[in-house]
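Please read the structure below before turning to the comments.
The values are calculated or read from the model by the stated rules, or taken from the named source; none is laboratory data. What you see is a predicted model; the values in this text were computed from it and never measured. Here the Cβ is made from the backbone with ideal geometry for all residues, glycine too, and neighbour counts use every protein chain on show. The area values use the complete protein model at the heavy-atom level, side chains included, leaving out ligands, DNA and RNA. Shrake-Rupley method; radii C 1.70, N 1.55, O 1.52, S 1.80 Å.
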Amino acid sequence: MGKRVAIVGYKQTKHSFDNLVSRERMVYELVKSLYSDIGITKDAIDTFILASNDFTDGRTISEVYIVPRIGAYMKDESKVESDGLNAALYAYMRIQSGLYDTALAIGFSMSGSEFRAPMINSYVMDPAYERPRGLINFHSIAALQARVYMEKYGFKERDLAKLTVKDLKNANNNPYAARREQKPTVDSVLGSRPLYAPLHEAHVSAYADGAAAVVLASEEAAKRITDKPLWITGVGHSMDTYYLGDRDLLRMDSLRSAGEQAYRMAGIKSPKREIDLAELHTNFASEEPVFAEALGLFKEGSGKEVVANGDSNVDGKMPVNPSGGPLGANPINAAGLIRLVDVCAQLNGEAGKNQVKGAKTGLAHGQDGPGAQQNVVFIVRREK
Amino acid sequence: MPGETIKSMVPITFLYRNRVGQALETYIDGLKDKKILGIKCPACDKVYVPPRTVCGCCHKKLDTYVEVEQQGTLENFTVAHVTIEGGEIKDAEPYVIGMIKLKGADSLLSAVVKGVAVDKVKTGIRVKAVWKEETQGSYSDLAYFEPA
Ligand SMILES: [Zn+2]
């Protein structure tokens, strides 16, 4: 067992499809207000980890433009070309190393206004094989996965639509979400543009402009900064093969493994009983039951029941994406870190209309790659 | 206040090309001869189609190319109503994208499936490869699959 590492500050932008500012200014304003919220300046941060991507930023070594904005001038700084929860994981490990006491992790992109998200997603596909053939992409993989789940477990299109409505309604109650659907219903979801069956446009997450940041600290440093630290009690991380034809889309081995690692570290024997809520990085609504089951939050194949009983609703047995999840806002590179920020807000009772009563232990999930090839899981706990 | 919001944007474009590896070049050469080649892992005996040079699971270098059969089973599919090109989602006449388990292969091959109505397609059906009449050494030589 390593050192105890706490989250002592967290913040997200108000995400939007076009936030009408530059990436650099968005990041600067977020980080400045985060530091001011917790009463520190850049001098209190030992190491800085960014999650961004040269493709989303449109330039190489893209962090050089961000370094002055986050206060990393002449300091230790590094970048993860992946989802933001990886940045938090990297920051966590740096503190575990004993070389640093505090770290900022930040993820951001302008996925609403500066590029078409499916284009960035297509750049992830194997350039020598899948990309030139044009059949297999994030959307079609999600459809293949959804169809297997639905066929195997009798999960109907209306069940999926009902789950989607749950997320869209939660997003409507989330002041940070970009997407606002007037009165989402099963019929409005099923009536939206068909993409790759069974997926429609309404099932797809809201690619948007946005950023999220957290400040992590060792136990000693945490005590100096805050009187209500949230503790990272478990982390897990795993990567599946890049070739779709080798993967079991239902089992989600890499997510399963990331979850098991995190539970083991946190001493969680029964995730169903010991976790109060989960924020999952779902690029498509159809991923929600598959991911939640791979993480052991629900019984395998129980999606239909879960939807019928409202078990994953804000007031259900195991609330999943009470924030609305990425269906409300999915800035690439930030989405997984936003999950962590939302979990922290829940544990501190700050989630407003989406508050899960008495939440004490939360799970945050981040993913990257087609069909959630790579997965990161965080377990976070409030002490009292 | 000036600059409170910014409306100006400048375009950025990238142009790349990518050299395929030895395994895909061999696969493409096979397509020219109307053959579907896989590669066999000496440690786990799995046959990967299309071939790749390392078995991720066993961390072994692969160099034993094997020809697999041109018939197999439709293991999974989606009925596509769109194409995505350059990130742009465009409506299309519905078509079937299948994941096919060829006889002799352990991985699934993605391909367009024709000759079956989009509302009739189901998993488990037998399908076979249909070739372009004149092959030229490209992925599109293997034109599509149809019910066997
Ligand atoms: Zn092997």
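Remarks
- Leading residue by the ranking (farthest from the ligand (Cβ to nearest atom)) among those in region B:11-28 that are part of a helix (DSSP H, G or I) and open to solvent by less than 90 Å² (accessible area, probe 1.4 Å): B:28
- Residue B:4 part of a loop (DSSP other than H, G, I, E, B) and either open to solvent by less than 40 Å² (accessible area, probe 1.4 Å) or more than 16 Å from the ligand (Cβ to nearest atom) (or both): yes
- Residue A:248 falls short on exactly one of the conditions (1) touching a residue at least 60 places away in the same chain (Cβ under 8 Å); (2) in a loop (DSSP other than H, G, I, E, B), and that condition is (1).
- Count of residues meeting criterion [in contact with a His (Cβ under 7 Å, 6 or more places away or on another chain), small (Gly, Ala, Ser) and in a strand (DSSP E or B)] in region A:191-212: 1
- Of residues in region B:46-85 being within 11 Å of the ligand (Cβ to nearest atom) and free of Cβ contacts under 8 Å to residues at least 24 places away in the same chain, the one surrounded by the most Cβ atoms within 10 Å (Cβ to Cβ): B:55
- Helices (runs of 4 or more DSSP H) (entirely within region A:1-106) containing at least 2 residues that are surrounded by fewer than 19 Cβ atoms within 10 Å (Cβ to Cβ) and at pLDDT 95 or above: A:23-38, A:84-96
- For region A:210-242, the set of residues classified as crowded, with 20+ Cβ neighbours inside 10 Å and within 14 Å of chain B (Cβ to nearest Cβ) consists of A:240 only.
- Within region A:129-136, at least one residue is in contact with an Asp or Glu (Cβ under 8 Å, 6 or more places away or on another chain) and surrounded by fewer than 22 Cβ atoms within 10 Å (Cβ to Cβ).
- Residue in region B:29-45 that is nearest to residue B:146 (Cα to Cα), counting only those that are of a type in the set (D, E, K, R) and within 11 Å of the ligand (Cβ to nearest atom): B:40
- Number of residues in region B:47-96 that are of a type in the set (Gly, Ala, Ser) and at pLDDT 95 or above equals 3.
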